[in-house]
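Visitor: Attaching a single structure in structure tokens format; questions to follow.
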Amino acid sequence: MISVHNPSERRPMRGRRAAAARTGFTLIELMVAVMLFTVGVLATMSSAAAVMKMMGGSQRLTVASVVAEARFERLRAQSCTQHVAGSATTRGVRESW
């Protein structure tokens with residue numbers, strides 16, 4: 001029996017060679033993974049900056065509310081006839097009444 005070999009027909013790989021050909025990642029898969037990782041890192045950095053800005057604003061509001069509360073307590077302790085207009089700066093917060 002005569003067998004003719006056609007080079008365009010490939011036989012399926014078997015054994016170790018087949019397993020070795022399928023392992024690993026392609027360049028496209030690695031590029032997509034790196035891009036997704038980069039987007040995640042940039043999003044995390046962006047949100048961290050926003051949180052830091054909010055914390056600074058919250059600290060200023062806390063100081064202002066403590067100063068206002070102290071001023072109200074001093075005004076409550078006085079009689080109405082003792083109230084006079086004035087202004088003061090306490091802990092960097094300018095007050096006027």
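Visitor: Under 1.5 on a/c is rounded, so check that first for region 22-97, then, if it is not, pick prolate when a/b is larger than b/c and oblate when it is not; a ≥ b ≥ c are the square roots of the alpha carbon gyration tensor eigenvalues.
Guide: Note, shape of region 22-97 comes out prolate.
Visitor: Further question on the same structure: Skipping prolines and chain starts, which residues have an amide H placed within reach, meaning under 5 Å, of the one on E95, given they are 5 or more residues away or on another chain?
Guide: A88, T89, T90
Visitor: From the protein chains alone at 1.4 Å, what is the descending order of accessible area for S58, S96, largest first?
Guide: Listed by decreasing accessible area, they come as S96, S58.
Visitor: Keeping all protein chains in position, work out how much accessible area M52 exposes to a 1.4 Å probe, and write it in Å² to the nearest 10.
Guide: Per-residue accessible area (M52): approximately 130 Å².
The values are calculated or read from the model by the stated rules, or taken from the named source; none is laboratory data. Source: prediction; values computed, not measured. SASA here: full protein model, heavy atoms, side chains in, ligands and nucleic acids out. Shrake-Rupley method; radii C 1.70, N 1.55, O 1.52, S 1.80 Å.
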